[in-house]
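Since the structure comes first, as C-alpha cells, the remarks are kept for the end.
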Amino acid sequence: MQYEFLLSFDSFLHVLHVIALSLVLLMERAITAWKQTYEKQPSWLNSFTQKLHRSYVVYGSMILLPSTAYDELDRKRINTLDVQLDLEQLYELIAQHLKITHVASTRPIPLHDDDQTAENVLRAPKNFTPLYGDFGSSTCHDPPAQEDYDAAYWVTAKQNGIFQTWAPRWTMFSRGNISEKARLLTLPSVLSAVEDGEADGKECVAVDLYAGIGYFTFSYLKAGVSKVLCWDINPWSIEGLMRGAKANKWFTRRITNDASFTAALESDARLLVFNEDNTMARRRIDEARQSLPPIRHVNCGLLPTSQGSWDTAVNVLDQAMGGWIHVHENFATSEIEQKAEEVRQELQRLAEGRVGLGSSQPVKVEHINRLKSYAPGVMHCVVDIYIPPLIPT
C-alpha cells in the first residue's frame, strides 16, 4: 500500500514506520487467530508463519505473500502430515484483518516461456499464484479484447504521489524501482531539459522504449516534461498505463497508425502510447521530427539488458541539443565500473555512426545508480549517459 504525505523527511519516515507497524500487528493478529484453530500445532508451523511475516507486500486491496513461505510447506510435505492446514481460512482472516479483498503469491518474472525454449518477451508474471479473491479468467483473447480488460482484477498503488495501475495476473509490478522513479523526479538533467524547453518556447520530449505500466514514463510527466512517447509490446501493460494516466489526470492518446500519430501531435496529449515493438520508434520519430519538440531523454529500462534499444536511443535524441540516455543493465557487482564504461564505449560508437550528420563529441557517463540486487552477486544498475550535440560538418 502506497501513501503520499506533505511532511518533513523525518516526519515522513516516522509515519511510514507507524503504518508498517500497524500492518505488522494486523498480520500478526490474523496469523495468531488462524494458529489458534489447531489444537495440535506441528513444530514447523512457526517457521512457515514467520516467513509470511517477513516480506509480504500490500498494494491497494491486494496482499502478496512471500513464495519462500510456501517453499517451507513443500519441504514439510504437508499433505502427508497428521495436521492438515486450512489455508483458505488463513487467507480469509488476513483479508478481514487487513481489510483487503485479494491474496496472492508470486516469484520473480521468468526469463523464458513455460517450455523454456522462447524468451518471455512480454515479461508475463507466469509465476503469479492467486490464492484468495477473484482475479479474473486465466485465459484471454490474443490480442486481448475489451471484455478481457473489463473482467480482469486491477490494482492501483501510489508511489511518489503518482498512481500506477496494473492487472497482477497479466502484468508485472516491481516495487524495487520506487527509488529510481523518485530520482527521475528531481534529476538535474531532467529538470534542466524542462527549463531549457521553457526558455526557448519549444518544450521538451522524453522517450520510454520499455514503458510497461508507466514506471518511469509517469516520473517524466510529473517532473514537467511536456510530452512522453512510449513503446511497449504487452497490451496488458499498455492498458494499465492508460488507466494509470487517467488516474493521474494526464491526457493520453493511443497511437494506432501514422494518421493518429499526426493527430496526437497536434493535440494537447502529453502521453503518446505505441503498442508495438520499439524498433518502430526511430522511423516514427524521424517522420514526425518537425512537429516534435526536442527529445532530450530516452529511457531504456529492460532487464537483464536493454542493448537492443541503444541504437534507437542514440538516434532519436535531438542532434542539435544533445541529451541523456538512461540505460538499465544487470552487472556483476565486481564489474560495475568496467561494464558501465563498456556501455559508454558502445554508445560512443553508435553516436559516431550517425553518418552525414556531423562529428561526435565524447560521450560521458554522468552517474551509475546502483538500484537494487537482482540476484546474488548481480546488481540492477542505471547508467546515466550524456550524448553531446553533434558538431556540424
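Worth pointing out:
- Degrees separating the helix 9-35 axis from the principal Cα axis of the chain, which is the longest one: 30 degrees
- Computed label-point distance, nm, for sites His367 and His141 using a 7 Å Cα→Cβ extension: 4.5 nm
- Residue-wise HN-Hα coupling along segment 372-380, computed from phi with Karplus coefficients 6.51, -1.76, 1.60 (Hz; x: Gly, Pro): 6, 6, 9, 6, x, x, 10, 10, 7
- Extension reserve of the Ser55-Thr37 stretch, reckoned as 0.36 nm per residue once the Cα distance is removed: 4.1 nm
- Modelled label reach - Ala259, point 7 Å along Cα→Cβ, segment 220-242 residues with backbone N closer than 12 Å: none
- Each residue, Glu337 and Thr68, gets one label point 7 Å from its Cα in the Cβ direction; the gap between the two is 3.2 nm.
- Matching label, percent of Cα pairs over 41 Å apart computed from the structure shown, candidates [x] 41; [y] 20; [z] 13: [y]
- The H on the amide N of Leu131, modeled in the peptide plane, is under 5 Å from the matching H of Val103, Ala104, Ser105, each at least 5 residues off or on a different chain.
- For segment 146-152, backbone phi angles converted through the Karplus equation (6.51, -1.76, 1.60; θ = phi - 60°) give residue-by-residue couplings of 4, 5, 5, 4, 5, 8, 6 Hz, Gly and Pro being listed as x.
- Mean residue ellipticity (222 nm) of the chain, computed from DSSP H runs ≥ 4 via -39,500 (n - 2.57), nearest 500: -11500 deg cm²/dmol
- Each peptide among 271-280, 369-378 gets the average number of other Cβ atoms lying within 10 Å of its residues, and from highest to lowest they stand as 271-280, 369-378.
- HN-Hα J in Hz across segment 45-58 - Karplus 6.51, -1.76, 1.60, θ = phi - 60°, x for Gly and Pro: 5, 4, 5, 5, 5, 5, 5, 4, 5, 6, 8, 6, 9, 10
- Tilt relative to the chain, helix 188-200 - C-alpha long axis, 0 to 90 degrees, to 10: 40 degrees
- Dipole magnitude of the chain, debye to nearest 20 (Cβ charges: Lys/Arg +1, Asp/Glu -1, about Cα centre): 780 debye
- For Gly60, the residues whose amide H sits under 5 Å from its own are Gln2, ignoring neighbours fewer than 5 places away on the same chain, with H placed 1.01 Å from N.
- If the segment from Lys246 to Asp150 were pulled out straight at 0.36 nm per residue, it would be longer than the present Cα-Cα gap by 33.0 nm.
- At full extension, Thr129 and Ile391 could sit 88.9 nm farther apart than now, given 0.36 nm per residue minus the alpha carbon distance.
- Backbone N under 13 Å from the Ala375 label point (7 Å along Cα→Cβ), restricted to segment 328-351: 330-333
- Amide H contacts under 5 Å for Ile387, placed H, 5+ residues apart: Gly323, Trp324, Ile325
Laboratory data are not the source of any read-out in this text; all were calculated from the coordinates shown. All of these numbers come straight from a predicted model, not from anything done at the bench. Because the Cβ atoms are built from the backbone with ideal geometry, glycine has one as well, and the counts that use them run over all protein chains shown.
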